[in-house]
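Read-outs throughout are calculated quantities, based only on the coordinates presented, and are distinct from any laboratory measurement. In this text the structure is predicted, and so the values were computed from the model without any measurement. Cβ coordinates were reconstructed from backbone atoms using ideal geometry, including for glycine residues, and neighbour counts include every protein chain displayed.
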Amino acid sequence: MTVRLTQFAHGGGCACKIPPGELEDVVSGLIGGSAPRGPGELLVGLDDGDDAAVVRIAAGTAVVATADFFTPVVDDAYDWGRIAAANALSDVYAMGGTPVVAVNLLGWPRETLPMELAGEVLRGGLDVAREAGCHVAGGHSVDDPEPKYGMAVTGVADPARLMRNDAGRPGMPLTLTKPLGIGVLNSQHKSTGEVFPQAVAAMTRLNREASEAALSGGAVCATDVTGFGLLGHLHKLARASGVTARIDAAAVPYLEGAREALKDGFVSGGTRRNLEWVRPSLDSGGVAEDELLLLADAQTSGGLLVAGEVPGYPVVGELLPAQPGVTVTVR
């Protein structure tokens, strides 16, 4: 029996995230306050919505902690597991860390979908974690009306060599390490069942090499591009760093078939919400609406956006001195 996993969820992948504006309103009351008594010093927390939490536990050693899970983004159970694991691990790489151990997070409609499929999802996650050199040790599962899978990942980093989203400075180039277009291709896959191997290959590729190359080049500012799209994550980075970011739309790479998927209307609600969230702080010049939608496309397990040049990857813009009321310009 062929099971189309994407048909068992209302959304798919990182496009099913709670809209960024709504999420910021929810967590705004949790920011600040006195630090709890206990070991470690919190270096990166909720303040700027960075990719993971970072706690210094000793001189030269910091713990990086994150969690990420989502509904099926592809129909193949094994591939979904691989994608979800690569996506969760990416948060550690985005901070300049190395994943050490992960635990599974699984929601499964056990009376609707065979448990053997859940096993395939977990096998996919395990294989990608092993590729990353990361242990997988148990986890937690619940009976859930919608299938969901991801990981909570713990890593380590040098606290003096972190990549944060608040460390950008004017004059830094912006490098993107994976092409965009994952969101529109996933939307087409969910609607039609057509498989896009180029999207699966991009989503399952670890950001380890890009992270290591960025650190070797001295990068101190980065984020990964996932559910809030390039524009959304760049907006957060520019706002946190107190700068304005400029994107050269013609320099941004896209997966084969992405523009055709957009033309055929395969745009998720998450992508449209991303653009509307950024629009009040966006100077788009004469760039067409379709181009802006691609730049806001909700990615799943996308690449790193690094403030700095990373050999082998395209430069797509730069950071500029702050302009009043504008975090991102597109030309």
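Net charge dipole, region 5-161: roughly 520 debye, given to the nearest 20, about the Cα centre with Cβ charges of +1 for Lys and Arg and -1 for Asp and Glu.
Within the same chain, aspartates and glutamates fewer than 8 places from Lys263 are excluded, and of the rest, those with a Cα less than 13 Å from its Cα are Glu289, Asp290, Glu291.
Take 115-128, 287-300, 72-85 and order them by the average number of nearby Cβ atoms within 10 Å per residue, most first; the result is 72-85, 287-300, 115-128.
Two-decimal Rg/Rh of the chain from alpha-carbon positions, Kirkwood Rh? Result: Rg/Rh = 0.95. Beta-bridge orientation, the chain: approximately 75 percent antiparallel, per DSSP, counting only bridges with both partners inside. Cα-based radius of gyration for region 191-331, normalised by 2.2 N^0.38 Å, reads 1.04. Extension gain for the segment Asp264 to Arg123, taken as residue separation times 0.36 nm less the Cα-Cα distance, is 47.3 nm to one decimal.
The dipole here belongs to region 173-330: it is taken about the Cα centre, uses +1 on the Cβ of Lys and Arg and -1 on the Cβ of Asp and Glu, and is about 380 debye.
The Stokes-Einstein estimate for region 5-161, based on a Kirkwood radius over Cα pairs and taken at 10 °C with 1.306 mPa s viscosity, is a diffusion coefficient of 96 µm²/s.
Sorted from longest to shortest, the spans of the Cα atoms of region 261-321 along the three principal axes equal 35, 27, 18 Å. Note the full-extension length gain between Thr61 and Leu23 as 0.36 nm times their separation in residues minus their Cα-Cα distance, in nm to one decimal. Difference between extended and current length: 10.6 nm.
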